[in-house]
Protein chains: 2
Amino acid sequence: MNPNAQVSRISKGKRTEIRRENERVILDAAEKVFAEAGYGGATMQLIADMAGLPKANLHYYFPTKEALYRQVVRNIFEIWLHAADTFDEAPGPVEGIGGYIEAKMAISRRHPFGSKVWASEVMHGAPVIQDYLETTLREWTAGRMAVIQRWVDEGKMAPVDPRHLLYMLWAMTQHYADFGHQIETLNGGRPLSDAQWREATETVKAVILRGIGVV
Amino acid sequence: MNPNAQVSRISKGKRTEIRRENERVILDAAEKVFAEAGYGGATMQLIADMAGLPKANLHYYFPTKEALYRQVVRNIFEIWLHAADTFDEAPGPVEGIGGYIEAKMAISRRHPFGSKVWASEVMHGAPVIQDYLETTLREWTAGRMAVIQRWVDEGKMAPVDPRHLLYMLWAMTQHYADFGHQIETLNGGRPLSDAQWREATETVKAVILRGIGVV
DNA sequence: GTCTATAAATCGATAGAC
DNA sequence: GTCTATCGATTTATAGAC
């Protein structure tokens with residue numbers, strides 16, 4: 001019997017589909033385990049159990065634990081980047097910054113694990129995505145700072161330092177994901193309801209938009 | 001020869017002093033290593049090297065890695081708690097909340113490792129200090145929310161939800177410690193200067209105080 | 001109270017049958 | 001492409017001499 005028998009029984013397209021589906025299952029499990037246990041605390045066995053696969057299969061799809069982690073971080077980074085489309089198309093700070101806050105709060109609710117993995121990566125000195133910080137993120141930041149500065153120059157908002165305003169927006173919106181456990185505990189042990197998420201988003205928007213002098 | 005010979009050569013007070021000094025050195029090293037590597041990534045060997053002691057000595061002063069970690073987290077928690085003395089003695093939100101922002105920003109600069117250990121602990125579900133969240137922090141939060149609500153009722157500030165305002169203050173001030181590496185990278189790889197820390201603090205204060213309608 | 005040596009457990013990664 | 005068994009390295013913790 002040929003040990004490669006399955007190669008001839010399963011089409012190339014089928015194998016590609018199996019690979020894509022397994023990679024997705026593994027990445028979802030890895031994101032959760034890395035978020036809840038940290039990189040050092042996460043084990044391939046834990047991720048394998050969460051994904052419902054034998055541990056060896058993880059090494060078949062991702063050569064090392066670090067390669068798997070790297071892919072998780074990259075996926076999150078992509079989500080962050082596209083959260084600011086509202087920024088570029090907005091006529092002014094009310095729509096631009098208000099919309100950015102709404103988009104980032106929605107991401108915090110939808111991708112809490114990804115946000116935590118990102119926070120953990122940065123807190124530990126960005127050993128894996130340092131090059132991204134120095135290239136992509138730096139350019140992204142410079143572009144948005146320019147937009148904010150233009151609004152200031154046009155008199156559309158109070159003269160606020162664009163850099164620190166961006167940091168404030170990142171901090172407040174990601175806090176609801178990264179410190180979600182603390183917020184949940186202070187909410188009587190219950191996750192925030194739809195109404196409470198709306199309340200949080202509206203409060204952040206109200207304070208910031210008033211704080212930059214546009215309402 | 002008596003193996004306890006040193007007991008008779010060293011006084012009880014001297015031994016207490018040695019213990020206190022060694023515990024301090026170990027705790028300082030542990031705070032830094034836990035912050036930079038995470039709980040799972042930190043090893044007793046790394047902490048011992050950082051402290052300049054043999055690994056076995058750590059186990060002499062702290063029975064387990066978890067007990068050492070627990071003490072590090074507790075120390076940080078105490079620092080957080082006393083950061084809000086300005087809150088209680090202030091006549092209004094300008095001094096109270098403005099002073100709180102200044103105090104928290106100063107702590108972020110002075111204790112960046114502690115802030116990161118706390119953030120990491122909360123992000124991973126607070127396995128060690130969950131009871132503190134449910135008791136001390138909950139009471140602390142309720143007390144400050146009452147003060148803010150009183151200011152709102154007295155017309156001293158705009159009607160802003162006290163709970164989410166507190167979360168915003170925590171998020172923005174701690175961001176400068178927890179995401180310090182990212183901020184440093186976006187600052188050309190250099191730590192923030194004295195002037196830049198002042199600028200950051202003033203920007204946060206200006207936006208928040210204007211945002212709650214007191215300036 | 002200090003330190004070396006080591007026991008006991010765990011983890012990342014791989015070999016090799018299927 | 002799947003899975004069991006296991007190797008080799010690392011880690012927490014301790015034993016025991018000094």
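No lab work stands behind these numbers, since they all come straight from the coordinates. If you're wondering where the values come from, they're calculated on a predicted model, not measured in any experiment. Don't worry about glycine lacking a Cβ; one is built from the backbone with ideal geometry, like all the others, and counts go over all protein chains shown.
Considering only B:TYR60, A:VAL128, A:PHE179, whose Cα is most displaced toward the positive end of the charge dipole of the protein assembly as shown, charges sitting on Cβ of Lys, Arg (+1) and Asp, Glu (-1)?
Going by the charge dipole, the pick is B:TYR60.
For region B:1-104, rounded, prolate or oblate, judged on the Cα gyration tensor with a ≥ b ≥ c (square roots of eigenvalues), a/c < 1.5 rounded, else prolate if a/b > b/c?
Judged from the Cα gyration tensor, region B:1-104 comes out oblate (a/c at least 1.5, b/c at or above a/b).
In nm, one decimal, shortest first: how far is the label point of A:SER193 (7 Å from Cα along Cα to beta carbon) from the matching points in the other copies?
When each copy's label point is compared with this one, the spacings are 5.2 nm.
Report, for A:GLN71, each distance to the same residue's label point in the other copies, shortest first and in nm; define the point 7 Å along Cα→Cβ.
Relative to the other copies, A:GLN71 has label-point distances of 4.3 nm.
Can you tell me the relative contact order of chain B? Whole percent, Cα pairs under 8 Å, sequence separation 6 or more.
21 percent
Give the separation of the Cα centroids, region B:155-187 to region A:158-203, in Å.
Here the two parts' Cα centres lie 9 Å apart.
Using a Gaussian network model on chain B with a 10 Å cutoff between Cα atoms, which of B:SER11, B:SER120, B:SER108 fluctuates the most?
Checking each option, the largest mean-square fluctuation is seen for B:SER11.
Where nothing but the Cβ of Lys and Arg (+1) and of Asp and Glu (-1) is charged, how large is the charge dipole of chain B around its Cα centre, in debye to the nearest 20?
I would put it at about 740 debye.
What FRET efficiency would be calculated for the residue pair B:ARG74, A:LYS55, taking the C-beta separation as r and a Förster radius of 30 Å, to the nearest 0.05?
For R0 = 30 Å, the calculated efficiency reads 0.25.
Which angle between 0 and 90 degrees, to the nearest 10, do you get for helix B:194-211 versus the longest principal axis of chain B when only C-alpha atoms count?
Value to nearest ten degrees: 40.
Could you tell me the center-to-center distance, by alpha carbons, between region A:96-115 and region B:110-147 in angstrom?
A separation of 23 Å, based on Cα centres.
Quick one: check the C-alpha center-to-center distance for region A:29-43 versus region B:11-26, whole angstrom.
Comparing the Cα centres of region A:29-43 and region B:11-26, I get a distance of 38 Å.
Between the DSSP loop rule and a limit of at most 15 other Cβ atoms within 10 Å, which GluC sites (Glu not before Pro) in region B:146-215 are left?
Sites meeting the loop and neighbour criteria: B:GLU154.
Structure shown: which of A:LYS104/A:LYS205; B:LYS12/B:LYS65; A:LYS12/A:LYS32; A:LYS65/B:LYS55; A:LYS65/B:LYS32; A:LYS32/B:LYS104 lie over 20 Å apart, alpha-carbon to alpha-carbon?
Correct reply: B:LYS12/B:LYS65; A:LYS12/A:LYS32; A:LYS65/B:LYS55; A:LYS65/B:LYS32; A:LYS32/B:LYS104.
Nearest 500 deg cm²/dmol is fine: what mean residue ellipticity at 222 nm does chain B get from its DSSP H runs of n ≥ 4 alone, each adding -39,500 (n - 2.57), divided by its residue count?
Details: 12 runs with 160 residues, N = 215.
Computed mean residue ellipticity for chain B: -23500 deg cm²/dmol.
Is region B:111-180 rounded, prolate or oblate when judged by the Cα gyration tensor, a ≥ b ≥ c being the square roots of its eigenvalues, rounded requiring a/c under 1.5 and prolate requiring a/b larger than b/c?
Because a/c hits 1.5 or more and a/b fails to exceed b/c, region B:111-180 counts as oblate.
Given a 10 angstrom Cα cut-off, can you work out which residue in A:GLY99, A:GLY143, A:GLY180 is the most mobile in a GNM of chain A?
A:GLY143
Decide, for the protein assembly as shown, between rounded, prolate and oblate: order the square roots of the alpha carbon gyration tensor eigenvalues as a ≥ b ≥ c, take rounded if a/c falls under 1.5, and otherwise choose prolate if a/b is larger than b/c, else oblate. Don't skip to the end; give the middle numbers.
Values: a/c = 1.91, a/b = 1.06, b/c = 1.80.
Oblate is the answer for the protein assembly as shown, as a/c is 1.5 or above yet b/c matches or exceeds a/b.
Please determine, in degrees from 0 to 90 and to the nearest 10, the orientation of helix A:93-110 with respect to the longest principal axis defined by the Cα atoms of chain A, where the helix direction is its Cα long axis.
30 degrees
Kirkwood hydrodynamic radius for region A:73-197: how many Å is it when counted over pairs of different Cα atoms?
For region A:73-197, the Kirkwood estimate is 15.6 Å.
Shortest first, in nm, what separates the label point of A:ILE10 from those of the same position in the other copies (7 Å along Cα→Cβ)?
6.4
Taking R0 as 25 Å, what FRET efficiency do you get between B:GLU21 and B:GLN130 from their Cβ-Cβ distance, rounded to the nearest 0.05?
0.20
Return the inverse of the average 1/r over all pairs of distinct C-alpha atoms in region A:11-63, which is the Kirkwood hydrodynamic radius, in Å to one decimal.
Roughly 11.3 Å, rounded to one decimal.
Mind giving me the FRET efficiency for B:ALA146 and A:THR64? R0 is 56 Å, r the Cβ-Cβ distance, nearest 0.05 is fine. Present the calculation step by step, with values, prior to reporting the outcome.
Details: r = 52 Å, r/R0 = 0.93.
In this case the efficiency is close to 0.60.
At q = 0.12, 0.15, 0.16 Å⁻¹, what log₁₀ I(q)/I(0) does chain B have when each alpha carbon counts as one equal point scatterer in the Debye sum?
Taking Cα atoms of chain B as identical point scatterers yields -0.75, -1.03, -1.11.
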